[in-house]
Amino acid sequence: DLLDPERLIQCPFNKHHQIRASRFPYHLVKCKENNPEIAKTLATCPFNARHLVPRADLRHHIINCSSRAFVEQDVVSGSFESPQEQVKNGSTWQAPPCDEDWES
């Protein structure tokens, strides 16, 4: 059910806003602009930018964040490389062979 784009999520800026999951990131941007004072009191989760929590609760949220497991799994499996490693290792992408001869 977490991947259901139609499920409703409560806005952290206005408790009366119930937003479809598919529209939630866009709503966060607009609602943050419309509520700058509330935005100052909230912190963004380092594992999921859709998680905005009171600054005082951020440490507790980080420990218990459901998105943390996904990030840690990527790091443990080695699928994450820093930008420096990506440049050092080079790209494995190769252009497909081209049969076109523009001169002929």
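Considering only protein heavy atoms and a probe of 1.4 Å, how much of the accessible area of the stretch 8-72 is carbon and sulfur, as a whole percent?
Carbon and sulfur: 55 percent of the exposed surface of the stretch 8-72.
Please give the length that would be gained between ASP57 and GLU6 if that part of the chain were fully extended, namely 0.36 nm times their separation in residues minus their C-alpha to C-alpha distance (nm, one decimal).
Extra length from ASP57 to GLU6 when fully extended: 15.6 nm.
So between ASN64 and VAL29, what do we pick up on full extension, going 0.36 nm a residue minus the alpha carbon distance?
10.2 nm
Once the Cα gyration tensor of the stretch 8-72 is found, what semi-axes does its equivalent ellipsoid get, as square roots of 5 times the eigenvalues, in whole Å, sorted largest first?
20, 15, 9
Among PHE70, HIS16, THR44, whose Cα sits farthest toward the positive end of the charge dipole of the stretch 8-72 (+1 at Cβ of Lys/Arg, -1 at Cβ of Asp/Glu, about the Cα centre)?
About the Cα centre, the residue reaching furthest to the positive side is HIS16.
The values are calculated or read from the model by the stated rules, or taken from the named source; none is laboratory data. Everything numeric in this text was worked out from a predicted model, so none of it was measured. No Cβ is skipped: glycine too gets one built from the backbone with ideal geometry, and neighbour counts run over all protein chains shown. Areas reflect the complete protein model, heavy atoms only, side chains present, ligands, DNA and RNA absent. Shrake-Rupley method; radii C 1.70, N 1.55, O 1.52, S 1.80 Å.
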